[in-house]
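Just below is one structure, and these are the notes that go with it.
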Amino acid sequence: MQPTDEKVQAYQSAKVLLAQRKEDVLRYVALDLRRCIEAVVYEKLEAYRKWISEKLARTWQPPQAFKALLEIDPGGQNDSVFAVALQDRPDGPPLTPLKAIGTDRRPSVKWLTDTWNSLGSYLHADWPYSRKSKRGDRREFYERVLSELEPFVSNHFTAAMTNIIEFECSECGETVVISSQGLKTAGHATCLHCWLRYSHREQNGEPRFFLEEPTIECDECKKDIYLPLAELKDGYEIECRHCKTRFRAVLETWGFQRFTEAATEGA
């Protein structure tokens, strides 16, 4: 089933289940709403499939996948109206009035993340040990999500029109992709395979990319290992590309130190 068809099917299924007003089907509503969100994201990723491999995309949850898309096209979460007109040359002015061919509706990463996680919380048993765990009205929340999803479900137009810059990641060897407009906006490019970030400078009118992440020395082969600073967190694992030795980040450590209380004045 194609994402365009599945988003509609999942949306309608959630709507029908919610209309039954039965408490025992509400978890299935959450499942269908999450399936609908997945299909919406995959529909958008389809327009970028030349630059984001299916194998890579399948390793991400929908909010992560959409966040990765924004590394290529930072404007990818903005609605866009596409229009065409006749020209006598590619860089020339339009010879006829612009004719709109479609509006591409895009969800924001924040909305995707918040909604995805909130729906996920309703798939688990209620947590009984904290007053803070009290949830709002589930049915009211589902109705709001249905309303917010409707523009993405009813509109099937998706397009990606951008000039792309490609270069090889010096660490993992995979192709790094960034739109020319995205490079101007973000000022950097990110390898979606190893998540290393490249800054750039203009040389003779062309962008030149430089890996400027921090490094650690591999204690096995003594080669430098570049660290994806934007992705680092406690427990993050990385492999030396030269000798395959694996490392785990430990960002917080604690211990005990002998303490001598200062003598009070006049003692």
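The values are calculated or read from the model by the stated rules, or taken from the named source; none is laboratory data. Since this is a predicted model, take the numbers as computed values, not measurements. Reconstructed Cβ throughout: ideal geometry from the backbone, glycine too, with neighbour counts over all protein chains shown. Just the protein is used for accessible areas: all its heavy atoms, side chains included, with ligands, DNA and RNA removed. Shrake-Rupley method; radii C 1.70, N 1.55, O 1.52, S 1.80 Å.
Excluding ligands and nucleic acids, what accessible area in Å² is computed for residue 143 using a 1.4 Å probe, to the nearest 10?
The accessible area of residue 143 comes to roughly 90 Å².
In whole Hz, with x marking every Gly and Pro, tabulate ³J(HN,Hα) for the range 222-231 from phi via Karplus 6.51 cos²θ - 1.76 cosθ + 1.60, θ = phi - 60°.
6, 8, 6, 10, 7, 10, x, 4, 5, 9
How much area per residue is accessible in the range 185-231 when the probe is 1.4 Å and only protein heavy atoms are counted (Å²)?
The answer is 60 Å² per residue.
For the range 161-173, what does the Karplus curve 6.51 cos²θ - 1.76 cosθ + 1.60, with θ = phi - 60°, yield as ³J(HN,Hα) per residue in whole Hz, taken in order and with x for Gly and Pro?
Rounded to whole hertz, the list is 10, 7, 7, 10, 10, 10, 7, 8, 5, 6, 9, 9, x.
Send over a whole-number figure in Å² for the accessible area per residue of the range 1-157, probe 1.4 Å.
Accessible surface, normalised per residue, equals 61 Å².
What lysines does residue 44 reach when the alpha-carbon gap must be under 18 Å and sequence neighbours fewer than 8 apart in one chain are set aside?
Candidates past the 8-residue exclusion: 7, 55, 67, 110.
In whole Hz, with x marking every Gly and Pro, tabulate ³J(HN,Hα) for the range 54-66 from phi via Karplus 6.51 cos²θ - 1.76 cosθ + 1.60, θ = phi - 60°.
Once θ is set to phi - 60°, the couplings for the range 54-66 become 4, 4, 6, 4, 6, 7, 10, 6, x, x, 5, 4, 6 Hz.
How far, in nm, would the chain grow between residue 245 and residue 156 when pulled straight, counting 0.36 nm per residue and subtracting the alpha carbon separation?
Residue separation times 0.36 nm, minus the Cα-Cα distance, leaves 27.4 nm.
Just one of (1) 39, 35, 18; (2) 39, 18, 15; (3) 30, 22, 16 is semi-axes √(5λ) of the Cα gyration tensor in Å calculated from these coordinates, so which is it?
Checking each listed value against the structure points to (1).
Sum -39500 (n - 2.57) across every DSSP H segment of at least 4 residues in the chain, then divide by the residue count to get the 222 nm mean residue ellipticity, nearest 500.
About -10500 deg cm²/dmol.
Heavy atoms only, probe 1.4 angstrom, no DNA, RNA or ligands counted: give me 91, 79 ranked by accessible area, highest first.
91, 79
Quick check: pseudo-label points 7 Å beyond the Cα along Cα→Cβ at residue 199 and residue 16, how many nm apart are they?
5.7 nm
Rounded to the nearest 10 Å², what accessible area does residue 216 show when all protein chains are kept and the probe is 1.4 Å?
Its accessible surface works out to 60 Å², give or take rounding.
What accessible surface, in Å², does a 1.4 Å probe find on residue 165, ignoring ligands, DNA and RNA and rounding to the nearest 10?
40 Å²
Please identify the cysteines of the chain that lack any partner cysteine with a Cβ under 4.7 Å from their own Cβ.
Unpaired cysteines in the chain: 36.
Just the number, please: carbon plus sulfur as a percent of the accessible area of the range 1-101, 1.4 Å probe, no ligands or DNA/RNA counted.
For the range 1-101, the apolar C and S fraction of the accessible surface comes to 52 percent.
Starting from the Cα of residue 222, draw a straight line to each of the lysines and keep only those under 20 Å, dropping any in the same chain fewer than 8 residues away.
In chain and number order, the partners are 244.
Placing +1 on the Cβ of each Lys and Arg and -1 on the Cβ of each Asp and Glu in the chain, which of 198, 154, 142 has its Cα farthest towards the positive end of the resulting dipole?
Positive-most Cα among the choices belongs to 142.
Please label the shape of the range 36-75 as rounded, prolate or oblate, based on the square roots a ≥ b ≥ c of the eigenvalues of the alpha-carbon gyration tensor (a/c under 1.5 means rounded; beyond that, a/b larger than b/c means prolate, else oblate).
Rounded, because the longest to shortest axis ratio a/c is under 1.5.
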